[in-house]
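Starting off with a structure, shown below.
The values are calculated or read from the model by the stated rules, or taken from the named source; none is laboratory data. No experiment lies behind these values; they were computed from the predicted model shown. Ideal geometry is used to build each Cβ from the backbone, glycine not excepted, and the neighbour counts take in all protein chains shown. Please note that ligands, DNA and RNA were not included when accessible areas were found on the heavy atoms of the full protein model with its side chains. Shrake-Rupley method; radii C 1.70, N 1.55, O 1.52, S 1.80 Å.
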Amino acid sequence: MGDRVVPLAEANLSIASSAVLYGLSVYTVFPVFVGEGNALHIFRLKEHAQRLLNSARIIGIDAAGWDANALLAAVRETVAANEVTGDVFARATIHVSELLPGVRSRGLETSLSLFLYEAAPILPKDGARLKTSVWRRVPDYAIPSRAKVNGAYVNSVLARQDAIDSGYDDCVFLDVTGHVCELSAANLFLVRDGVLITPSSSTDILEGISRKTLITLAEDMGLKVEERTIDLTELYIVDEAFACGTSAYLTPVLEIDKRIINGGKPGPVTESLRTKYQDLLHGKLAGYERFITKL
Ligand code: PMP
């Protein structure tokens, strides 16, 4: 917190800070996983650091100095101060910590926090049941989904709670034109006739790093990948579907709005990607060493 390691209970922000008042913080969550020889590594550190800086740039807050090296140093210090024996996630946040500046962003004091927590999946491992949200995804012209900004997550909370209230695991967001975007905190892939399809990055999605990784992995496996707009009804007739995200890992989607997918079982493309992706995350898939930063 700032430049010190402190107990979690002491890692606090003022109730008068813009971070608390307006949700003016940008963040990323990245894997700190156990790989070969029980050594810890960070998965795609550079991409997470870049997305964090991009989020700050979009929102217009000062992030100078908080690059991949600063995050790596913060992870090393935090790991050293804790007993990390298994996979954990690291949540790195740039907060606007200035007190009572009113509703604006530029030129205000910012601070960095980072904490580690158990890498528990946010969706059921065996498969998720999804419901189209009554809440639409915030459009780029209102609150940009491309920026991972804390305040925007009220949109995700509304949509996921609506899904939970209706007995589902998570939502499928549609954009303002009715096209498919993503889940509350994960990206979505479909399989039709052996082709992998995912909403394009201009469909009001967060540009997920797991999404990017899976596109690379799928193409390396010889699969065709399409990034394009997707109608709601296309969801109802897919051969397979899965969600992906740091905290969602790769989770098969077995049902959307009461339409059962692939007889309620994960499909073959989903299964083969999931097995490889699990190894990739743990630094056990040859050819992807560039994604791994050893601690
Ligand atoms: N979409 C949203 C809205 C998210 O919050 C997340 C989680 N960060 C994702 C997608 C997946 O992104 P990533 O693969 O980078 O974790």
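Of Asp170, Asp165, which residue is more than 23 Å from Thr28 (Cα to Cα), of a type outside the set (Val, Ile, Thr) and either more than 10 Å from the ligand (Cβ to nearest atom) or surrounded by fewer than 21 Cβ atoms within 10 Å (Cβ to Cβ) (or both)?
Details: Asp170 fails: more than 23 Å from Thr28 (Cα to Cα).
Testing whether each residue is more than 23 Å from Thr28 (Cα to Cα), of a type outside the set (Val, Ile, Thr) and either more than 10 Å from the ligand (Cβ to nearest atom) or surrounded by fewer than 21 Cβ atoms within 10 Å (Cβ to Cβ) (or both) leaves just Asp165.
Can you find even one residue in region 18-30 that is away from the ligand (no atom under 16 Å from the Cβ), at positive phi and either assigned to a helix (DSSP H, G or I) or touching a strand residue (DSSP E or B) at 6+ places or on another chain (Cβ under 7 Å) (or both)?
no
Can you pull out every residue in region 1-30 that is within 20 Å of Asp87 (Cα to Cα) and open to solvent by less than 10 Å² (accessible area, probe 1.4 Å)?
Thr28, Phe30
Among the residues of region 45-65, write down those that are farther than 23 Å from Ala16 by Cβ and open to solvent by 40 Å² or more (accessible area, probe 1.4 Å).
Lys46, Glu47, Gln50, Leu53, Asn54, Arg57, Ile58, Ala64, Gly65
Return the pairs, sorted by first residue and then second, in which the second residue is open to solvent by 20 Å² or more (accessible area, probe 1.4 Å) and not in a loop (DSSP other than H, G, I, E, B), the first residue lies in region 243-267 and is over 15 Å from Leu183 (Cβ atoms) and away from the ligand (no atom under 16 Å from the Cβ), the beta carbons are less than 6 Å apart, and the residues are 6+ apart or on different chains.
Here the result reads Gly264/Leu254, each pair linking region 243-267 to a residue that is open to solvent by 20 Å² or more (accessible area, probe 1.4 Å) and not in a loop (DSSP other than H, G, I, E, B).
Hey, could you check region 140-158 for residues that are closer than 20 Å to Leu123 by Cα and more than 10 Å from the ligand (Cβ to nearest atom) and say which is surrounded by the most Cβ atoms within 10 Å (Cβ to Cβ)?
Among residues in region 140-158 that are closer than 20 Å to Leu123 by Cα and more than 10 Å from the ligand (Cβ to nearest atom), the one surrounded by the most Cβ atoms within 10 Å (Cβ to Cβ) is Leu158.
Filter region 179-221 for residues that are in a loop (DSSP other than H, G, I, E, B) and open to solvent by 30 Å² or more (accessible area, probe 1.4 Å); which is nearest to the ligand (Cβ to nearest atom)? I'd like the intermediate steps shown before the answer.
Taking region 179-221 and keeping what is in a loop (DSSP other than H, G, I, E, B), we get 181-186, 193-194, 200-208, 221.
Remaining after also requiring open to solvent by 30 Å² or more (accessible area, probe 1.4 Å): 185, 193-194, 201-202, 207, 221.
On the way: Ala185: 4, Asp193: 26, Gly194: 24, Ser201: 11, Ser202: 15, Glu207: 8, Met221: 19 Å.
Top of the filtered list is Ala185.
Is region 218-233 home to any residue that is of a type in the set (A, V, I, L, M, F, W, C), touching a residue at least 60 places away in the same chain (Cβ under 8 Å) and closer than 30 Å to Ile61 by Cβ?
Within region 218-233 (the criterion being of a type in the set (A, V, I, L, M, F, W, C), touching a residue at least 60 places away in the same chain (Cβ under 8 Å) and closer than 30 Å to Ile61 by Cβ), the answer is no, since none of the residues qualifies.
Grab the strands (runs of 3 or more DSSP E) fully contained in region 227-295, keeping just those with 3 or more residues being more than 19 Å from the chain's Cα centre (by Cα) and not basic (Lys, Arg). Talk me through it step by step, then tell me what you get.
Numbers: elements: 240-245, 249-256, 292-294.
Of the strands (runs of 3 or more DSSP E) lying wholly inside region 227-295, those with at least 3 residues that are more than 19 Å from the chain's Cα centre (by Cα) and not basic (Lys, Arg) span 249-256.
Moving to a separate point now. Please specify each residue of region 31-40 satisfying the condition of being open to solvent by less than 50 Å² (accessible area, probe 1.4 Å) and either more than 15 Å from Ile209 (Cβ to Cβ) or modelled with pLDDT under 95 (or both).
Val34, Gly35, Ala39, Leu40 - these are the residues of region 31-40 that are open to solvent by less than 50 Å² (accessible area, probe 1.4 Å) and either more than 15 Å from Ile209 (Cβ to Cβ) or modelled with pLDDT under 95 (or both).
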